[in-house]
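One structure is given here, and the rest of the page talks about it.
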Amino acid sequence: MITFQNTVNGQLTVGSESFESFDPFTGKPWALIPADGPAEVDTAVAAAKAAFKSPSWRGLTATARGKLLVRFADVLAENADRLAAIETRDNGKLLSEMTAQLRYLPEWYRYFGGLIDKIEGAVLPVDKANMFAYTRREPLGVIAAIAPWNSPLMLLTWKLAPLLAAGNTVVIKPSEHTSASTLEFVKLFEEAGFPSGVVNTVTGMPMEVGAPLVSHPDVAKIAFTGGEPGGIAVYKAAAEQLKTVTLELGGKSANIIFDDADVENAVKGAISGIFAASGQTCIAGSRLLVHRKVHDQVVEGLVALAKTAQIGNPAQINTQVGPITTLQQRGKVLDYMKIARDEGAEAVLGGGKPTTPELADGWFVEPTIFTGVNNKMRIAREEVFGPILSVIPFDDEDEAFEIANDSPYGLAAGIWTQNIGRAIRGAEAMEAGTVWVNTYRAVSYMAPFGGYKRSGVGRESGQEAINAYLQTKSVWIDTLGETANPFIIR
């Protein structure tokens, strides 16, 4: 059993208590994680607050901070494969996918490191005589960054890179299910030369650690990725203290295949959109809307391709579908399979646990395709977060967009068509923060990411992200220095 440690004020810390982290492939514990509480939260926030005010951090110019982030990117690149292996063991996602993610993550730090000294205030042409007015862009202070279990380091980085570039400090709370990779990752900031206390971690259960962190009076903002119930709890707690939030929450994304689409390519995209990461991604294309003219052809192609998927050890390079990250989540996915059948949907592929003996100990679920689904069914309206695809037929373009938008969520959407006019109309019509055309699951440090409706608040990545961690100050200077009537607003 490997013991991991938190980092607070540049020092590795081990609490008096710990909890086990499980390997989803074996179903057995493999690591010990510190079980923190409110006292450890107070210590971490105090360290971040002191670092925020310290000349060693606050005194850096934007250019100097940017260079520090670029240096960190190089250190991260050197450790990417090692961190990917830890992440795979802790959350069960494919090593090939985690390696690709980790090798790409340094680009976020390079991008925001290069962006920060291009963020400018402005001189204001005010309507007051003898007044010089300008604006400054300043950091918020201590940020609480709360990351999920499905892609811990990628979704943490989407918060961390812009908030550090902006000059904030941070206390990170990783998911209690997948803390190990984050605790190793954070050690790299000292290696890159960051001042002590700028980046800190606390680990433990939501009520013992997450709630005290969110409500701490010295935390200026919360950046959260997770499920809708957790997001609502964070939003309520932040509102009580008038804190700002960035929330990236759930999705029930519609992936639409029109009758003029390249069906072979669309089928591959649909499979990638739902079965990659075993469906454990907020952007999963879990609702596949298919034109009736090609419905049977698409379903036949989906089943044929999905049957070839190699299910097994996520650490092996030929594995295409890994386990579900937590035992509780696997139970939820299996429950939704029963709900779908009870509602009248037909499982044309999968529908339960794999029967292969070597997978018996792991938390696996078969890739599952349901037909006979309509958009009123729970399987089409509620986020499952697992490898379940619901196929819904439609007759024309207007109906497709109507079905797609008939959802409380609006994180992402896909359109498969060879008609450029339809692609443009669809991109305009879809109530989603990201719309992909003839592709799916593409992301970049340059592209803003976030949701409409109940899928969240704010944007991560791209130039918009930096603004979420800055505040604007107006400065007025009387150039004559004359005392005016104090009872009159000038």
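The values are calculated or read from the model by the stated rules, or taken from the named source; none is laboratory data. None of these values were measured; they are calculated from a predicted model. Quick reminder, even Gly has a Cβ in these numbers, built from the backbone with ideal geometry, and neighbours come from all protein chains shown. To get the accessible areas, we keep the full protein, side chains included, count just its heavy atoms, and leave off ligands, DNA and RNA. Shrake-Rupley method; radii C 1.70, N 1.55, O 1.52, S 1.80 Å.
When we screen 482, 428, 464 for residues that are within 27 Å of residue 268 (Cα to Cα) and of a type in the set (D, E, K, R), the only hit is 428. Of the residues making up region 282-320, just one is in contact with a strand residue (DSSP E or B) (Cβ under 6 Å, 6 or more places away or on another chain) and loosely packed, with under 15 Cβ neighbours inside 10 Å, namely 292.
Among the residues of region 348-362, the one identified as under 30 Å from the mean Cα position of the chain (by Cα), more than 15 Å from residue 323 (Cβ to Cβ) and hydrophobic (A, V, I, L, M, F, W, C) is 349. The requirement of being in a strand (DSSP E or B) and either surrounded by fewer than 16 Cβ atoms within 10 Å (Cβ to Cβ) or touching a Lys or Arg at 6+ places or on another chain (Cβ under 6 Å) (or both) is fulfilled nowhere in region 421-432; no residue meets it. When region 458-490 is filtered for residues that are of a type outside the set (Asp, Glu), outside any loop (DSSP other than H, G, I, E, B) and surrounded by fewer than 17 Cβ atoms within 10 Å (Cβ to Cβ), the ones remaining, listed by number, are 463, 467, 471, 472, 473, 474, 475, 476, 477. Would you confirm, using the coordinates I've provided, whether residue 194 is hydrophobic (A, V, I, L, M, F, W, C), under 30 Å from residue 325 (Cβ atoms), part of a loop (DSSP other than H, G, I, E, B) and modelled with pLDDT of 95 or more? Yes, satisfied. The set of residues in region 341-361 that are of a type in the set (Asp, Glu) and either assigned to a strand (DSSP E or B) or open to solvent by less than 10 Å² (accessible area, probe 1.4 Å) (or both) contains only 346.
Among the residues of this structure, residue 246 counts as one that is over 27 Å from residue 302 (Cβ atoms), in contact (Cβ under 8 Å) with a residue 12 or more places away in the chain and among the β-branched types (Val, Ile, Thr). Out of curiosity, is residue 183 modelled with pLDDT of 95 or more and assigned to a helix (DSSP H, G or I)? In short, yes.
Looking at this structure, is residue 107 over 27 Å from residue 443 (Cα atoms), acidic (Asp, Glu) and in a helix (DSSP H, G or I)?
The answer is no for residue 107.
Is it the case that region 362-382 has a residue that's out of contact with any Lys or Arg (no Cβ under 9 Å at 6 or more places or on another chain), free of Cβ contacts under 8 Å to residues at least 24 places away in the same chain, in a helix (DSSP H, G or I) and open to solvent by 20 Å² or more (accessible area, probe 1.4 Å)? Within region 362-382, not a single residue is out of contact with any Lys or Arg (no Cβ under 9 Å at 6 or more places or on another chain), free of Cβ contacts under 8 Å to residues at least 24 places away in the same chain, in a helix (DSSP H, G or I) and open to solvent by 20 Å² or more (accessible area, probe 1.4 Å).
Looking at the structure I just gave you, is residue 43 without any contact (Cβ under 8 Å) to a residue 40 or more places away in the chain, polar (S, T, N, Q), open to solvent by 50 Å² or more (accessible area, probe 1.4 Å) and out of contact with any Phe, Trp or Tyr (no Cβ under 9 Å at 6 or more places or on another chain)? So residue 43 fits the description; yes.
Conditions tested, residue by residue: (1) farther than 24 Å from residue 41 by Cα; (2) open to solvent by 10 Å² or more (accessible area, probe 1.4 Å); (3) under 18 Å from the mean Cα position of the chain (by Cα); (4) among the basic types (Lys, Arg).
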{"residue": "120", "(1), (2), (3), (4)": "yes, yes, no, no"}
{"residue": "123", "(1), (2), (3), (4)": "yes, yes, no, no"}
{"residue": "127", "(1), (2), (3), (4)": "yes, yes, no, no"}
{"residue": "136", "(1), (2), (3), (4)": "yes, yes, no, yes"}
{"residue": "141", "(1), (2), (3), (4)": "no, no, no, no"}
{"residue": "145", "(1), (2), (3), (4)": "no, no, yes, no"}
{"residue": "164", "(1), (2), (3), (4)": "no, no, yes, no"}
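Of the numbered criteria (1) closer than 17 Å to residue 468 by Cβ; (2) open to solvent by less than 10 Å² (accessible area, probe 1.4 Å); (3) in contact with a Lys or Arg (Cβ under 9 Å, 6 or more places away or on another chain), the one residue 244 fails is (2).
Pairs are defined by a Cβ separation below 7 Å, a sequence spacing of at least 6 or placement on different chains, a first member in region 260-275 that is in contact (Cβ under 8 Å) with a residue 60 or more places away in the chain and aliphatic (A, V, I, L, M), and a second member that is outside any helix (DSSP H, G or I) and surrounded by fewer than 24 Cβ atoms within 10 Å (Cβ to Cβ); the pairs so defined are 261/417; 261/418.
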